[in-house]
Amino acid sequence: MIEPAFWQNPPKRAGIYAVVLSPLSAIWWMLTTYRMKNGPWHKLGVPVICVGNINLGGTGKTPTVIALAERLRDWGLKPHVVSRGYGGSLQGPVQVNERKHKAAETGDEPLLLAAFCPTWVARDRHAGAKAAIAAGADVILLDDGFQNPTLAKDISIVVVDAVAGFGNGRVFPAGPLREPASEGLKRADVILVIGGDKAQARFQTNWPTSAAAPIVRAELAPLETGMEWKGMKVLAFAGIGRPAKFFATVRALGANIIQTEALSDHQPLTLPLMRRLEADSFFKGAQMVTTEKDATRLPEAFKLRVLTVPVRLSVKDWSAIDAALAAVGVSPKTA
């Protein structure tokens with residue numbers, strides 16, 4: 001889904017569409033509140049760390065899960081990711097095999113995450129977590145699910161994009177939020193804000209929060225791959241929550257973007273679509289470029305024709321996250 005432009009209006013000028021849709025937003029929030037209140041909130045025997053958001057996608061959850069998984073593994077722990085597998089056909093619980101499964105089966109995010117950490121797809125997150133524990137997990141990383149009442153969370157990390165903030169501040173469909181920011185932030189143990197210094201400052205100004213949770217600043221940075229991007233003519237396409245963020249990353253690398261294609265989040269990369277993009281890139285003398293997540297959905301014939309720009313989360317100071325982990329018994333194993 002591509003966000004309507006009015007979702008990003010300033011809160012005090014949300015627009016006529018937001019006002020008209022407000023009654024539907026009230027119903028959405030009422031149903032969410034009911035689900036959250038009634039559980040069942042299953043408690044597991046290992047810590048559950050939820051990486052979620054208040055916005056409808058596009059905040060940086062997947063890089064955050066990758067960064068946490070790598071940190072926990074460096075501590076000698078055995079984290080497993082549990083994901084609903086948005087857009088995939090598998091009901092689960094199934095452990096994802098990045099060499100065997102396709103994005104159409106697992107969803108694109110689990111397929112990417114499986115390259116970094118054992119990852120399970122399960123429509124029933126409780127069943128997925130139990131399968132992960134049976135397979136040896138001593139920590140569960142819940143990919144999304146902040147508003148899901150199936151599992152009790154020991155830690156909830158709410159990820160926010162500093163540029164987008166909370167949009168017009170309204171709940172879907174009048175705005176980009178799953179729930180009011182003021183309500184969601186009350187349940188957060190850590191608020192992870194992703195963006196550069198200027199975006200971080202604007203976020204603090206535009207969205208002052210009285211939440212008790214500490215705010216941790218982070219930034220997404222392209223991974224050094226040895227590719228020389230400077231001056232390269234590229235056709236950049238992305239089917240993520242905020243394609244413009246990817247295009248800005250490619251420009252910052254020095255590439256000359258000849259054409260951009262902003263696709264909807266998780267949009268299937270069909271052969272007709274890819275053939276059109278390939279024809280455009282050929283006639284414009286440009287190289288096709290996309291994100292790591294989109295690359296998992298590429299048809300087999302295009303996997304070697306499209307370059308990817310991998311990004312990794314850089315956390316300025318882990319101390320608040322480490323303190324939250326320690327409070328639930330998650331800490332580095334001693335030799």
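The values are calculated or read from the model by the stated rules, or taken from the named source; none is laboratory data. Bear in mind the structure is a predicted one, so any value in this text is a computation, not a measurement. For neighbour counting, all protein chains shown are included, and Cβ atoms are generated from backbone atoms with ideal geometry for every residue, glycine included.
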What are the residues in the range 301-335 that are among the aliphatic types (A, V, I, L, M) and more than 30 Å from Met232 (Cα to Cα), if any? Ala320, Ile321, Ala323, Ala324, Leu325, Ala326, Ala327, Val328, Val330, Ala335
With under 20 Å from Glu109 (Cβ atoms) and in contact with a helix residue (DSSP H, G or I) (Cβ under 9 Å, 6 or more places away or on another chain) as the only criterion, which of Ile215, Ile240 stands out? Ile240
Specify the residue that is surrounded by the most Cβ atoms within 10 Å (Cβ to Cβ); the eligible residues are those in the range 210-262 that are assigned to a loop (DSSP other than H, G, I, E, B), of a type outside the set (Gly, Ala, Ser) and in contact with a Pro (Cβ under 9 Å, 6 or more places away or on another chain). Trp229
Would you check which residues across the range 8-48 are within 26 Å of Gly196 (Cβ to Cβ) and either at pLDDT 90 or above or of a type in the set (Lys, Arg) (or both) and list them? Lys12, Arg13
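Please go through the range 285-316 and give me each residue that is charged (D, E, K, R) and either out of contact with any Lys or Arg (no Cβ under 7 Å at 6 or more places or on another chain) or surrounded by 13 or more Cβ atoms within 10 Å (Cβ to Cβ) (or both), ordered by number.
Of everything in the range 285-316, those that are charged (D, E, K, R) and either out of contact with any Lys or Arg (no Cβ under 7 Å at 6 or more places or on another chain) or surrounded by 13 or more Cβ atoms within 10 Å (Cβ to Cβ) (or both) turn out to be Glu292, Lys293, Asp294, Arg297, Glu300, Lys303, Arg305, Arg312.
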Looking only at the range 173-188, count every residue that is surrounded by fewer than 23 Cβ atoms within 10 Å (Cβ to Cβ) and within 16 Å of Ala320 (Cβ to Cβ) and tell me the total. 1
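Would you check which residues across the range 99-131 are of a type in the set (Gly, Ala, Ser), within 17 Å of Thr296 (Cβ to Cβ) and outside any helix (DSSP H, G or I) and list them? Steps first, please.
Going residue by residue through the range 99-131, those that are of a type in the set (Gly, Ala, Ser) are 103-104, 107, 114-115, 122, 127-129, 131.
Now drop any that are not within 17 Å of Thr296 (Cβ to Cβ), which leaves 103-104, 107, 114-115.
Within the range 99-131, Gly107, Ala114, Ala115 meet the criteria.
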Take the residues in the range 73-92 that are buried (at least 22 other Cβ atoms within 10 Å of the Cβ) and out of contact with any Lys or Arg (no Cβ under 7 Å at 6 or more places or on another chain); name whichever of them is farthest from Leu269 (Cα to Cα). His80
Residue match in the range 225-242 (condition: among the hydroxyl-bearing types (Ser, Thr, Tyr) and at pLDDT below 95): yes
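I need the full set of residues from the range 146-163 which are in a loop (DSSP other than H, G, I, E, B) and farther than 15 Å from Pro180 by Cα, in order please.
Quick first cut of the range 146-163, residues in a loop (DSSP other than H, G, I, E, B) only: 146-150, 152-154, 162-163.
Across the range 146-163, the qualifying residues are Asn148, Pro149, Thr150, Ala152, Lys153, Asp154, Ala162, Val163.
Taking the stated definitions as given, is Gly175 under 30 Å from Arg217 (Cα atoms), in a loop (DSSP other than H, G, I, E, B) and within 15 Å of the chain's Cα centre (by Cα)? Can you show your working first?
Numbers: under 30 Å from Arg217 (Cα atoms): yes; in a loop (DSSP other than H, G, I, E, B): yes; within 15 Å of the chain's Cα centre (by Cα): no.
Taking the combined requirement at face value, the residue does not satisfy it.
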Members of the range 203-240 that are touching a residue at least 40 places away in the same chain (Cβ under 8 Å), charged (D, E, K, R) and closer than 19 Å to Ser314 by Cβ: Arg217, Glu219
Report the residue count in the range 21-41 for those that are touching a residue at least 24 places away in the same chain (Cβ under 8 Å) and more than 30 Å from Arg125 (Cα to Cα). 2
Number of the exception - Glu278 against (1) among the charged types (D, E, K, R); (2) outside any helix (DSSP H, G or I); (3) without any contact (Cβ under 8 Å) to a residue 40 or more places away in the chain; (4) over 27 Å from Ile194 (Cα atoms): (2)
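One line per residue, one yes/no per condition, for (1) of a type in the set (D, E, K, R); (2) within 21 Å of the chain's Cα centre (by Cα):
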| residue | (1), (2) |
| --- | --- |
| Arg276 | yes, no |
| Lys284 | yes, no |
| Met288 | no, no |
| Leu298 | no, yes |
| Val315 | no, yes |
| Ala327 | no, no |
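Could you say whether any residue in the range 51-67 is assigned to a strand (DSSP E or B), touching a residue at least 24 places away in the same chain (Cβ under 8 Å) and of a type in the set (S, T, N, Q)?
First pass over the range 51-67, keeping only residues assigned to a strand (DSSP E or B): 51-52, 55.
Still in the list and also touching a residue at least 24 places away in the same chain (Cβ under 8 Å): 51-52, 55.
From what is left, the residues that are of a type in the set (S, T, N, Q) are 55.
Yes, the range 51-67 has at least one match.
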